[in-house]
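Participant: Have a look at this one.
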Amino acid sequence: MQTLANFGDGGGPGPWILLFPVLWVLAVGGGIALLRRTVWRGRRGAPWRQPAAGNDSPITVLGHRFASGEIDEDEYWRRLSVLNEEFGRRSGAA
């Protein structure tokens, strides 16, 4: 212990005094990073997950069918115009 206290010509511990605070900062930072990647991300919901509810509107389903190639562009626009009229009246009346 005397060699650490009398580093060099008795000038104190020297640069080794910074080793333990740096290790503590790295340990705490690593713990926070680990928590962010595992536990906390599950609470907020990740951007790549689809929401369980609220994404089942007819217009969304129609868009998915068009994107997957189940229906062509003409069919998409015909059905979309009908859906817009139907949902437009309900949202305008409310």
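The values are calculated or read from the model by the stated rules, or taken from the named source; none is laboratory data. If you're wondering where the values come from, they're calculated on a predicted model, not measured in any experiment. The protein model used for the area step is the full one, side chains on, heavy atoms only, and it has no ligands, DNA or RNA in it. Shrake-Rupley method; radii C 1.70, N 1.55, O 1.52, S 1.80 Å.
This table checks each residue for (1) at pLDDT below 75; (2) open to solvent by less than 90 Å² (accessible area, probe 1.4 Å).
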{"position": "ASP9", "(1), (2)": "yes, no"}
{"position": "PRO13", "(1), (2)": "yes, yes"}
{"position": "THR38", "(1), (2)": "no, yes"}
{"position": "TRP48", "(1), (2)": "yes, no"}
{"position": "ALA67", "(1), (2)": "no, yes"}
{"position": "ARG78", "(1), (2)": "no, no"}
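Participant: A further question follows. Among the residues of the range 50-65 satisfying the criterion of being open to solvent by less than 70 Å² (accessible area, probe 1.4 Å) and part of a loop (DSSP other than H, G, I, E, B), which is modelled with the highest pLDDT?
Facilitator: If we take residues in the range 50-65 being open to solvent by less than 70 Å² (accessible area, probe 1.4 Å) and part of a loop (DSSP other than H, G, I, E, B), then SER57 is modelled with the highest pLDDT.
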